Amino acid sequence: MQTTPGRLEQSVVQASFDAWTKYYRPDENSRNTTVSYYTKGAVIGFLLDARLRRLSGGARSLDDVMRLAYERYSGDRGFTPTDFRDILKRPTTSTAGGDADDAWLREALETTSELDYREAQSWYGLDLPATSDSSVTEPMPEESLETGWIGLETRISGNSVVVARIPRDTPAADAGFNVGDEILAFDDYRVYAADWAVRQALYPAGATASVLVSRRGRLARLDMTFGRAPGPAWAVTTRSVMTAAQPYRIDAWLGAIK
C-alpha cells in the first residue's frame, strides 16, 4: 500500500465506492490514481485493532467489535458505517469513544492523508523502516555500480517495445514517457524486443541516456537518468530494545495467547 502512488489520490471510502468501475476495470494509470480497498482496508484494520488494544489496556480488540457487529447485524439487515461507529462506542467495545474515535476514523477512511503507524509501533514495539530509495542524484562510483532502473512497464508488439504503464515517482515518469510510446533507441542504438533487457543493463544507476521514442508516429527525444531499482520498500521488524509488555502484546495479537 505504501508503494502505491494512488494512495495519495483516493481514499479507501472512494476506493470501495468505485470498486466496480475502477478497481475491477483497471487501466494503464490505475496505480497512480487508485488504491486497493482490500489492501488499505487491511492496514486500517490492523491500526484500528492496535488502537483499541492500546486504549483499553489490552482488554479489547477489533475481534470484539466484529463479534458484536455480527450479533447485532448478521442476517438480512447488515450494518451501515454509522452502525459500525456506534458499536465502537458501546460499553463492551468502547475505548476512548466519542469524537476522538470519530476523528481517527474520518482521517483514516475518508482522506488521502498518510496513515499514522506510530501508535501501533509503540504498542507492539515494532519498526516500519523504508528500506530503499530509488532516487539517484549523481553518478555512482564505479566500484559500486548497479544496473540502472527505469520504472516503466512495457509490452512487446512484434519486435517493438511499447510503454504500457508509467508509475509516478519513477525515472520514466520524470523523463516524460507516455503510455503508447514505442521505444526506438537508447543513445542512438536501436532497441528491439529481443535485446530490451540487455540494452537497459548497460546503464548503471545514475547514468543518463537520450531515448528516442515514436509517439503517435512522431519522433521525440527524452532525457532520462536511471535510478536504483527499489527492493521491498517497507519491512516490519521488532525493535532491538523492547519493554517487558511488548513481546506479550505481539503474542496476544498473533494468537499465541488465547
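Values quoted throughout were computed directly from the atomic coordinates according to the rules given, and no laboratory measurement underlies them. None of the values given here were measured: they were computed from a predicted structure. A quick note on method: Cβ atoms are made from the backbone with ideal geometry, for glycine too, and the neighbour counts reach across all protein chains shown.
Here the simple spin-label model places points 7 Å from the Cα toward Cβ, and for Arg221 and Glu146 these points are separated by 3.1 nm.
Projecting the Cα atoms of Leu212, Thr225, Phe186 onto the charge dipole of region 142-228, computed from C-beta unit charges around the Cα centre, puts Leu212 farthest toward the positive end. Taking Cα centre as origin and charging only the Cβ of basic (Lys, Arg, +1) and acidic (Asp, Glu, -1) residues, the dipole magnitude of the chain rounds to 740 debye. Near Leu126: Cβ cut-off under 15 Å, other residues only, Lys/Arg at +1 and Asp/Glu at -1. The net charge is +1. Between the helical axis of 62-73 and the longest alpha-carbon principal axis of the chain there is an angle of about 70 degrees. Distance between the pseudo-spin-label points of Glu153 and Thr33 (7 Å out from Cα toward the beta carbon): 1.5 nm. In a fully extended conformation the segment linking Val13 and Ala164 would gain 51.6 nm over its present Cα-Cα distance, using 0.36 nm per residue. Note down the nm distance, to one decimal, between modelled labels 7 Å out along Cα→Cβ at Arg67 and at Asn178. Those two pseudo-labels are separated by 5.9 nm. Note on region 5-116: dipole from Cβ charges, positive end direction compared against Thr34, Leu8, Ile44; the farthest Cα belongs to Ile44. Amide H contacts of Ser11: none lie under 5 Å away among residues 5 or more positions distant or on a separate chain (H built 1.01 Å from N in the peptide plane; Pro and chain starts excluded).
With N the number of residues in the chain, Rg(Cα) / (2.2 N^0.38 Å) evaluates to 1.31. In the chain, a dipole from Cβ-located charges (positive for Lys and Arg, negative for Asp and Glu) runs towards its positive end, and of Thr80, Leu115, Ile250 it is Thr80 whose Cα lies farthest in that direction.
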